[in-house]
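Single-structure report; data block below.
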Amino acid sequence: MTSLFTQKTETHAPLADTLRPRAISDVIGQAHVLSGDHMLSEMLSGGKLTSLLLWGPPGCGKTTLARIIAETSGCMFENVSAVASGVAELKMIFERARGRREDGMHTLVFVDEIHRFNRAQQDAFLPVVEDGTITLIGATTENPSFEINGALLSRMQVVVLKRLDEEALLKLIERAEAHMVKKLPLEDDAREVLLVMADGDGRALLNFCEILFGHKGKNLDAASLGSYLQRRAPLYDKKQKGHYNLISALHKSLRGSDVDAALYWLARMLEGGEEPLYIMRRLVRFAVEDIGLADPNALVQANAAKEAYDFLGSPEGELAIVQCVIYLATAPKSNAAYMAQKASKRDAQAHGSLMPPMHILNAPTKLMKEIGYGANYEYDHNAEDGFSGQNYFPDGMARQHYYQPGAFIATHVGLFRQALINFHPEFFNAFNRHFHQRVFLRRIAHVFQDKKPSGIGGVHGGVGEHQPL
């Protein structure tokens, strides 16, 4: 059988393919799955061949591992691209595999970017994987929990591969220099920038090296490397310290309502090559943590910006992120919901075994009704003003006040109250009498009786930041 690694035209093969590891001992950066008692290590040592799903970032060695597994196991290797193949081609591969099986030869099918197959294409693998006609090895950069059918995923073992760290990337450079019998034409600072440009992708690094080996001039420094490779040198390492420093600066600028500083840090991150969706995840979190019900529309704006970016992509979609940052920076701030979550979580952990009071439990059977389930429950919609004032905390736990809106909201309620007075004093007086006398004063009475409802704002206690006038 012809080796999977035989080069048809060695002189024209890309450097990344020429230096592709041929043995498992040559694979770098994945020691966590290739050493010790890991399932993959045992399989390569002569154990039973199992269908695998290799999940990891680009250039971490997924295709290389699949080829080595096929080579060491003696299987016929079928390479499938999920981008270019359809069900008809898969059926032809399965027929060939059945023919080989009759001749005593097993087939290993490798599917690159398997997450790109739709449900029907993924389902086509189920019978041939189930009956052992093929061993399937899929490679994906996406979370298989979301991208791979549950039925197929249950028949495969997921192997998580890591992005190549700096040590692994340096070893690749050493191998490239040994193969070319010369050093890269780079100053020391440029070598560091080259590692950052590769971003954990071994294939990308070797492609850069191949270009650099053709450089005829003097050694390149960090400033000239980016222009030579026609790639922007990152302004910070988006996987290391700078990554966290800048997202922290953006978050705190937003919290401090400094829109200009927030726009500056956003621009720094985007210009440095940060993944825009990472920024959007932080902005969505900021909308609920630092603005909350002070402006519920902030969450809507953040999600809308994310959808706009998904639709437009870069660079057009980045304007939606800019608009979102401006909105969040200029929005009113409140962490009341965030603090309420933490306080209620602490109590849930401390009093996690307490049962709900009997009057708010359902009584679907006669026995449960007889022993008091649901007894004395007051249906709030039938109560005066839609508010019964019953206690909903466990009987063995004192009432807690988790949600406490900040002074900002009270100030703005006061401003609204004054504006209403200025607009139409008689209307305000009528509204004020109705609201205070029929709802607000009843709730204040419950506070003094230690029967405060779980949310004091709004008619039904669920509006949160909005306070009675």
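The values are calculated or read from the model by the stated rules, or taken from the named source; none is laboratory data. Keep in mind that this is a model prediction, so the values were computed, not measured. Because the Cβ atoms are built from the backbone with ideal geometry, glycine has one as well, and the counts that use them run over all protein chains shown.
Whether any residue in the range 65-85 is touching a Ser or Thr at 6+ places or on another chain (Cβ under 7 Å), without any contact (Cβ under 8 Å) to a residue 60 or more places away in the chain, closer than 24 Å to residue 154 by Cα and of a type in the set (S, T, N, Q) is what I want to check.
Taking every residue of the range 65-85 in turn, none turns out to be touching a Ser or Thr at 6+ places or on another chain (Cβ under 7 Å), without any contact (Cβ under 8 Å) to a residue 60 or more places away in the chain, closer than 24 Å to residue 154 by Cα and of a type in the set (S, T, N, Q).
Is it the case that residue 171 is modelled with pLDDT of 95 or more and not hydroxyl-bearing (Ser, Thr, Tyr)?
Yes; evaluated as a whole, the condition is true for this residue.
Inside the range 147-173, can you point out the residues that are outside any helix (DSSP H, G or I), under 24 Å from residue 119 (Cα atoms) and touching a Gly at 6+ places or on another chain (Cβ under 9 Å)?
Result: 148, 156, 159, 160.
Evaluate the following for residue 338: is it surrounded by 10 or more Cβ atoms within 10 Å (Cβ to Cβ) and aromatic (Phe, Trp, Tyr)?
Judged against the criteria, residue 338 is a match.
Name the one entry in 119, 101 that is surrounded by 14 or more Cβ atoms within 10 Å (Cβ to Cβ), charged (D, E, K, R) and without any contact (Cβ under 8 Å) to a residue 40 or more places away in the chain.
Of 119, 101, the one residue that is surrounded by 14 or more Cβ atoms within 10 Å (Cβ to Cβ), charged (D, E, K, R) and without any contact (Cβ under 8 Å) to a residue 40 or more places away in the chain is 101.
Looking at (1) under 31 Å from the mean Cα position of the chain (by Cα); (2) modelled with pLDDT of 85 or more, which one does residue 106 not meet, given that it meets all the others?
All conditions pass for residue 106, except number (1).
Give me a count of the residues in the range 114-139 that are assigned to a helix (DSSP H, G or I) and within 28 Å of the chain's Cα centre (by Cα).
Residues meeting the conditions: 8.
Condition first: assigned to a loop (DSSP other than H, G, I, E, B) and either closer than 10 Å to residue 359 by Cβ or modelled with pLDDT under 85 (or both). Now tell me which residues in the range 372-386 satisfy that.
If the condition is that a residue be assigned to a loop (DSSP other than H, G, I, E, B) and either closer than 10 Å to residue 359 by Cβ or modelled with pLDDT under 85 (or both), then 372, 373, 374, 375, 376, 377, 378 are the ones that fit.
Look at the range 356-398 and say how many of its residues are of a type in the set (D, E, K, R) and either in contact with a Lys or Arg (Cβ under 9 Å, 6 or more places away or on another chain) or under 20 Å from residue 344 (Cβ atoms) (or both).
3
Taking the range 388-404, which residues are touching an Asp or Glu at 6+ places or on another chain (Cβ under 8 Å) and more than 20 Å from residue 340 (Cβ to Cβ)?
388, 390, listed by residue number.
Would you call residue 155 surrounded by fewer than 22 Cβ atoms within 10 Å (Cβ to Cβ), under 23 Å from residue 79 (Cβ atoms), modelled with pLDDT under 90 and assigned by TED's automatic domain parsing to the domain that holds residue 81?
Against the criterion (surrounded by fewer than 22 Cβ atoms within 10 Å (Cβ to Cβ), under 23 Å from residue 79 (Cβ atoms), modelled with pLDDT under 90 and assigned by TED's automatic domain parsing to the domain that holds residue 81), residue 155 does not qualify.
Would it be correct to say that residue 363 is hydrophobic (A, V, I, L, M, F, W, C) and surrounded by fewer than 16 Cβ atoms within 10 Å (Cβ to Cβ)?
Judged against the criteria, residue 363 is not a match.
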